[in-house]
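Participant: Input: one structure, supplied below.
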Amino acid sequence: MTVVPPKTSAAPPWSSWQLRAACRGEDTTIFYLHDGERGPSARRHEAEAKRICAQCPVLEECLSWALEAREPWGVWGGLTPQERSQLLLIEAG
């Protein structure tokens, strides 16, 4: 008799924090600027995303992932791509 192991739906270990994220279920466009969006409009858009991040129980995990992955787009871990780049430069220096 052949024993077939049960299928598992285990997610990769890095994604378990995503299940507890404050942004889960939110419209993802909140976290990414629209094409050509700049100035006051971009700052308002990023502030809206950061308000959600500020309440997030996994903020540190999210930021750590974004820094490690060098995520080039969107608000992750409460920081914009420019803010994450600056943080990486500080850590490298």
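The values are calculated or read from the model by the stated rules, or taken from the named source; none is laboratory data. Model, not experiment: these values are computed from the prediction. Backbone-built Cβ (ideal geometry, glycine too); neighbour counts: all protein chains shown.
Participant: Across the stretch 40-93, what is the total count of residues that are β-branched (Val, Ile, Thr), surrounded by 15 or more Cβ atoms within 10 Å (Cβ to Cβ) and either out of contact with any Asp or Glu (no Cβ under 8 Å at 6 or more places or on another chain) or within 20 Å of Ser16 (Cβ to Cβ) (or both)?
Facilitator: Qualifying residue count, the stretch 40-93: 2.
Participant: I've got another one for you. Does Gly74 qualify as being part of a loop (DSSP other than H, G, I, E, B) and at pLDDT below 95?
Facilitator: no
Participant: Determine whether Thr29 is touching a residue at least 24 places away in the same chain (Cβ under 8 Å), of a type in the set (Ser, Thr, Tyr) and out of contact with any Ser or Thr (no Cβ under 7 Å at 6 or more places or on another chain).
Facilitator: When the stated conditions are applied, Thr29 does not pass them.
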